[in-house]
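The structure appears right after this line, and notes come after that.
The values are calculated or read from the model by the stated rules, or taken from the named source; none is laboratory data. Note that this is a predicted model, so its numbers are computed, not measured. Every residue, glycine among them, receives a Cβ derived from its backbone with ideal geometry; neighbour counts consider all protein chains shown.
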Amino acid sequence: MTSSGDELLRVVPARHVGRWFAGAGVIVIIGMMIHTFLSKIPTGQTLCHEVASTAEHKVFRCVDVMQWRFSWDVVGKYVTSSNIFKGLLMTLALTGLTMVIGVVLGATVAVLRLSASRILAASAWLFTWFFRGTPVYVQLLFWFNIAAIFPTLDLGIPFGPSLWHIDAVTLFTPFTAALVGLGLNEGAYMSEIIRGGILAVDEGQIEAANSVGLSRLKTLRLVVLPQAMRVIIPPTGNEVISMLKTSSLASALAVVELLKAAQNVYASTYEVIPLLIVASIWYLIITTILSIGQFYIERHFSRGSLRNLPMTPWERIVRDTRGVIGKMRTPRGLRGVRA
Amino acid sequence: MTSPMIEASGVTKSFGAVHVLKGVNLAVNKGDVACLIGPSGSGKSTFLRCINHLEKHDAGNLLVDGEFVGYERRGNTLRELSDRQICTERSQIGMVFQRFNLFGHLTALENVTLGPIHVRGETPAAARDRAMTLLSSVGLTEKASIYPSQLSGGQQQRVAIARALAMEPKLMLFDEPTSALDPELVGEVLEAIKQLANDGMTMVVVTHEMGFAREVANQLFFMDDGIVQESGDPREVLANPQTERLASFLSKVL
């Protein structure tokens, strides 16, 4: 029979055998990793105790002293210690403040870059070129040592008398040096991100705003930037997460942020790996929280541009669970096609 | 009512080496509905955009309601106005685009209230009330809280008309308002424009809808090669083309 006649045919999805094998392989690898994480190694010490004794002999039973390969006990001891916590707060402050500087600076530079004035556009380009073109670590060391070439900073009339002055050493503490260094560098990256977002907005939107009579600034604020946000948010989320970790470079300027706090501990205890794990755990926790926040912010700004908002992780879990249960109930494709 | 709303004489405009407008002369009186027809590339849209200074013309006089658009006469020169002054002038000229250009991040209602709140300084409540009246006049009351991406082309264009009207303009410009629409949606938009014409709004409509021009317009301008080639009462002009160009254009579109 080539034609099905009046019988309705059932559709059987293809079975992806390769996918099942690959999945199984990955599960084995993950199992091995978990096993390693939870494994113990001998410390090299042995512990002996007397089990039986006669007048001449004493019988001892000795066992190797084992410890967690990843020193989870040490990790557990320090992960919530107050020194680490203070370092974490410093890391968060550094990340938050540099991102504020970066976004404000980046927005300004992006708008200047798109200005009709050649001088403004070129100087904005120059800013980005310089601060994106040199390593952030070099920039940090530069600001830390700025007092060597500018012992005092003066505020006054250009080429004229000074009205107010301050010692560079007073102004550029390790913290402000880190803030300025990271902030300027971030500003250069953010300016490119924001410029890309602005350029992604259709020109018709600007014309429509003009035709309603909105001024240039209001057009930017009310029409262009809200729509550019959809393009700006995802890479900015990356920048925040990246900055969270880049801020660890400030440890080189003796700013006691998370990494430096961990280093200070292992400088005296020599428990290097456990303390690095402690720092990593906190970096991961904050990154996770930031990623969740990013998801909801992206969802907010995609209003109007997507017909259906993306599912929240919870909705996704509910859908997947239902899907798996559904598959268990109906053994699809077992009976083949009836035709 | 014969005082002119638009007076154009010798308006020229080039984009680089391309001369788009080569001396446009036309006059539109208050209360007139003028249709601009012509082949693509004839400069219709460019001229329309010059009327509200979205494009700056190179030479010639272009006056709206007796005033130079975007410029101020000082002796024998025209000085370009400040951004603020141009914005004020533009807010009195409504414009409807071929591709609607609704603000994608705002609901239909917010699209309509944006100008009244941020240009005219109306309170959100007052702007909202007027916007709802305008949306109901174009038959979209129940779409007020919908985003443009969820509206059909015809609905989007009607919101765009309401958005322009919310500024209470003295002149409305339509740049091929139905060209991007599916055929079955053209009617609803033309109906909304016709309604406006009946209310006495002065309008300039760039269009390819000859039936609409014949029925609604009381002035027709045929543009080709950057100038107005023929003008007059739509029914007469369309029935008896005087130039070879118009005759051949009409033979292609009718």
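Does A:ASN238 count as under 25 Å from A:THR288 (Cβ atoms) and part of a helix (DSSP H, G or I)? Working first, answer last.
On the way: under 25 Å from A:THR288 (Cβ atoms): yes; part of a helix (DSSP H, G or I): yes.
Here the answer is yes, as A:ASN238 does meet what is asked.
To keep it simple, each residue is scored yes or no on (1) surrounded by 20 or more Cβ atoms within 10 Å (Cβ to Cβ); (2) aliphatic (A, V, I, L, M); (3) farther than 16 Å from A:ILE292 by Cα; (4) more than 9 Å from chain B (Cβ to nearest Cβ).
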position: A:LYS218; (1), (2), (3), (4): no, no, yes, no
position: A:LEU225; (1), (2), (3), (4): no, yes, yes, yes
position: A:VAL231; (1), (2), (3), (4): no, yes, yes, yes
position: A:PRO234; (1), (2), (3), (4): no, no, no, yes
position: A:MET243; (1), (2), (3), (4): yes, yes, yes, yes
position: A:SER247; (1), (2), (3), (4): yes, no, yes, yes
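Quick test for you: out of A:ALA14, A:ALA24, pick the one residue that is assigned to a loop (DSSP other than H, G, I, E, B) and either touching a helix residue (DSSP H, G or I) at 6+ places or on another chain (Cβ under 7 Å) or not β-branched (Val, Ile, Thr) (or both). Show your work before the answer.
Details: A:ALA24 fails: assigned to a loop (DSSP other than H, G, I, E, B).
One residue alone meets the criteria, A:ALA14.
Cβ-Cβ distance below 7 Å, separation of 6 or more or different chains: which pairs start in the stretch B:139-150 with a residue that is in contact (Cβ under 8 Å) with a residue 40 or more places away in the chain and end on one that is surrounded by fewer than 19 Cβ atoms within 10 Å (Cβ to Cβ) and part of a loop (DSSP other than H, G, I, E, B)?
B:TYR147/A:ARG303; B:SER149/A:SER305; B:SER149/A:ARG307
In the stretch A:156-207, how many residues are without any contact (Cβ under 8 Å) to a residue 24 or more places away in the chain, assigned to a helix (DSSP H, G or I) and within 14 Å of chain B (Cβ to nearest Cβ)?
The qualifying residues number 5.
Results for (1) surrounded by fewer than 12 Cβ atoms within 10 Å (Cβ to Cβ); (2) modelled with pLDDT of 90 or more, shown as yes or no for each residue.
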position: A:THR91; (1), (2): no, yes
position: A:MET99; (1), (2): no, yes
position: A:VAL109; (1), (2): no, yes
position: A:LEU112; (1), (2): no, yes
position: A:THR128; (1), (2): no, yes
position: A:GLY133; (1), (2): yes, yes
position: A:LEU141; (1), (2): no, yes
position: A:GLY156; (1), (2): yes, no
position: A:PRO161; (1), (2): yes, no
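Here is a list of conditions, (1) under 19 Å from B:SER179 (Cβ atoms); (2) facing chain A (nearest Cβ under 9 Å), and B:CYS35 meets all of them except one; can you say which number that is?
(2)
Has the stretch B:9-25 got at least one residue that is within 18 Å of B:ASN218 (Cβ to Cβ) and either aliphatic (A, V, I, L, M) or at pLDDT below 95 (or both)? It would help to see each step written out before you state the result.
Of the residues in the stretch B:9-25, the ones within 18 Å of B:ASN218 (Cβ to Cβ) are none.
Looking through the stretch B:9-25, none of the residues is within 18 Å of B:ASN218 (Cβ to Cβ) and either aliphatic (A, V, I, L, M) or at pLDDT below 95 (or both).
Please work out which residue is surrounded by the fewest Cβ atoms within 10 Å (Cβ to Cβ), limiting yourself to the stretch B:216-236 and to residues that are part of a strand (DSSP E or B) and polar (S, T, N, Q). I'd like the intermediate steps shown before the answer.
Filtering the stretch B:216-236 for residues part of a strand (DSSP E or B) gives B:219-224, B:227-232.
Right, trim to polar (S, T, N, Q) and you get B:219, B:229, B:231.
On the way: B:GLN219: 20, B:GLN229: 19, B:SER231: 17.
Result: B:SER231.
Residues that are surrounded by 14 or more Cβ atoms within 10 Å (Cβ to Cβ), away from chain A (no Cβ under 14 Å) and not β-branched (Val, Ile, Thr), at least 1 per element: which helices (runs of 4 or more DSSP H) completely within the stretch B:43-134 meet that?
Numbers: elements: B:44-51, B:83-91, B:108-118.
Helices (runs of 4 or more DSSP H) meeting the threshold: B:44-51.
Name the residue, out of B:ALA239, B:ALA213, that is surrounded by fewer than 20 Cβ atoms within 10 Å (Cβ to Cβ) and hydrophobic (A, V, I, L, M, F, W, C). Outline the logic, then answer.
Values: B:ALA213 fails: surrounded by fewer than 20 Cβ atoms within 10 Å (Cβ to Cβ).
Sole residue among the options that is surrounded by fewer than 20 Cβ atoms within 10 Å (Cβ to Cβ) and hydrophobic (A, V, I, L, M, F, W, C): B:ALA239.
Condition first: among the hydroxyl-bearing types (Ser, Thr, Tyr) and crowded, with 22+ Cβ neighbours inside 10 Å. Now tell me which residues in the stretch B:1-42 satisfy that.
Initial filter on the stretch B:1-42 (among the hydroxyl-bearing types (Ser, Thr, Tyr)): B:2-3, B:9, B:12, B:14, B:40, B:42.
The answer is B:SER42, and nothing else.
Look through A:ALA267, A:ALA252 and report the one residue that is of a type in the set (Gly, Ala, Ser), in contact (Cβ under 8 Å) with a residue 40 or more places away in the chain and either assigned to a helix (DSSP H, G or I) or out of contact with any Pro (no Cβ under 7 Å at 6 or more places or on another chain) (or both). Give the derivation first.
Details: A:ALA267 fails: in contact (Cβ under 8 Å) with a residue 40 or more places away in the chain.
Only one candidate qualifies: A:ALA252.
With the condition kept exactly as written, say whether any residue in the stretch B:158-170 is within 15 Å of B:VAL206 (Cα to Cα), under 17 Å from the mean Cα position of the chain (by Cα), crowded, with 18+ Cβ neighbours inside 10 Å and of a type in the set (A, V, I, L, M).
As a first pass, look at the stretch B:158-170 and keep what is within 15 Å of B:VAL206 (Cα to Cα): B:161.
Remaining after also requiring under 17 Å from the mean Cα position of the chain (by Cα): B:161.
After this cut, where a residue has to be crowded, with 18+ Cβ neighbours inside 10 Å as well, the list is B:161.
From the residues that got through so far, the ones that are of a type in the set (A, V, I, L, M) too are B:161.
The answer is yes, given that some residue of the stretch B:158-170 is within 15 Å of B:VAL206 (Cα to Cα), under 17 Å from the mean Cα position of the chain (by Cα), crowded, with 18+ Cβ neighbours inside 10 Å and of a type in the set (A, V, I, L, M).
Of the residues B:SER179, B:SER145, only one is over 30 Å from B:GLY121 (Cβ atoms) and surrounded by fewer than 20 Cβ atoms within 10 Å (Cβ to Cβ); which? Lay out the reasoning, then the answer.
Details: B:SER145 fails: over 30 Å from B:GLY121 (Cβ atoms).
Just a single option satisfies the conditions, and that option is B:SER179.
What's the total number of residues in the stretch A:138-155 that are in contact with a helix residue (DSSP H, G or I) (Cβ under 9 Å, 6 or more places away or on another chain) and not in a helix (DSSP H, G or I)?
Qualifying residue count, the stretch A:138-155: 6.
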